[in-house]
1. What are the residue pairs meeting all of these: first residue in segment 26-41, first residue more than 15 Å from D15 (Cα to Cα), second residue crowded, with 18+ Cβ neighbours inside 10 Å and small (G, A, S), Cβ atoms under 6 Å, and 6 or more apart or on different chains?
2. Does any residue in segment 69-97 that is over 21 Å from A27 (Cβ atoms) come within less than 6 Å, Cβ to Cβ, of a residue that is modelled with pLDDT under 80 and in a helix (DSSP H, G or I) six or more places away or on a different chain, and which pairs are these?
3. Looking at segment 153-162, is at least one residue part of a helix (DSSP H, G or I) and at pLDDT 80 or above?
4. Can you confirm whether E148 is farther than 30 Å from I19 by Cα and modelled with pLDDT of 75 or more?
5. Could you check segment 5-15 and list, in sequence order, the residues that are touching a helix residue (DSSP H, G or I) at 6+ places or on another chain (Cβ under 9 Å) and either over 15 Å from Y34 (Cα atoms) or at pLDDT 90 or above (or both)?
6. Report, by residue number, each residue of segment 81-93 that is crowded, with 16+ Cβ neighbours inside 10 Å and more than 22 Å from D35 (Cβ to Cβ).
Amino acid sequence: MLSAKEAAEYIRMTDAKLIRAIQTGDASALPLLYDRGLPVVWRYVYRQLDGDLHTTQDIVSETFVTAIRVVGNMDANAGPLCGWLLGIARNKLAHHRRNLGRRRRHEVLADASEVCSTDGGCEPVEQLVADEETAEIMRVLDQMTDDERLALEWMYLDDLPRREIAGRLGKTVKAVENLLYRARRSFRGLYCHTPSISERR
């Protein structure tokens, strides 16, 4: 149990001193990591998820679990503690949205297959080729960086405006335009070097 004087000293700690204290195994410093970071991380994640309380709780929890696991490798003088925590939170949000995108693509593909099978609108071979092409696109997207993949998915699958993509990624609109340009080039390069379905047979 900390004395009032010790508690006051911890509160006055700079971020760098706090990180070093945690790195040296000072268990009393760990709660202060939550006290300083939790309000900022919670507000950011909650806003990004449009008020989804349950998912916010999951993402924030994962953020701090990761922070505690990797804090030993952090440069204490690298910058503000909250900025570092927000970076982890952004990665967790990107992973969450990526999984949502995958599930959505699978659902769309399943719905299309069901429609084709019930109304006879697609020949079996044609549907198989369509499925394989969709799977190939997903494999190409998985090879791209998180920011590139998310930018393309939000732009072309979710039809989001550039301004909203910029807000989700924590970038300017101009930076998102440059990111989309690089992402399109990267996608074309990866997809064009993938053997066609006919070549694989």
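The values are calculated or read from the model by the stated rules, or taken from the named source; none is laboratory data. Note that the coordinates shown come from a computational prediction; the quantities given were computed from them, not determined experimentally. In this analysis, Cβ positions are derived from the backbone assuming ideal geometry, glycine residues included, and neighbour counts consider all displayed protein chains.
1. V41/A89
2. So the pair list comes out as A94/D146; A94/L150.
3. Scanning segment 153-162 turns up at least one residue that is part of a helix (DSSP H, G or I) and at pLDDT 80 or above.
4. yes
5. Correct list: E6 only.
6. L93, the sole residue that qualifies.
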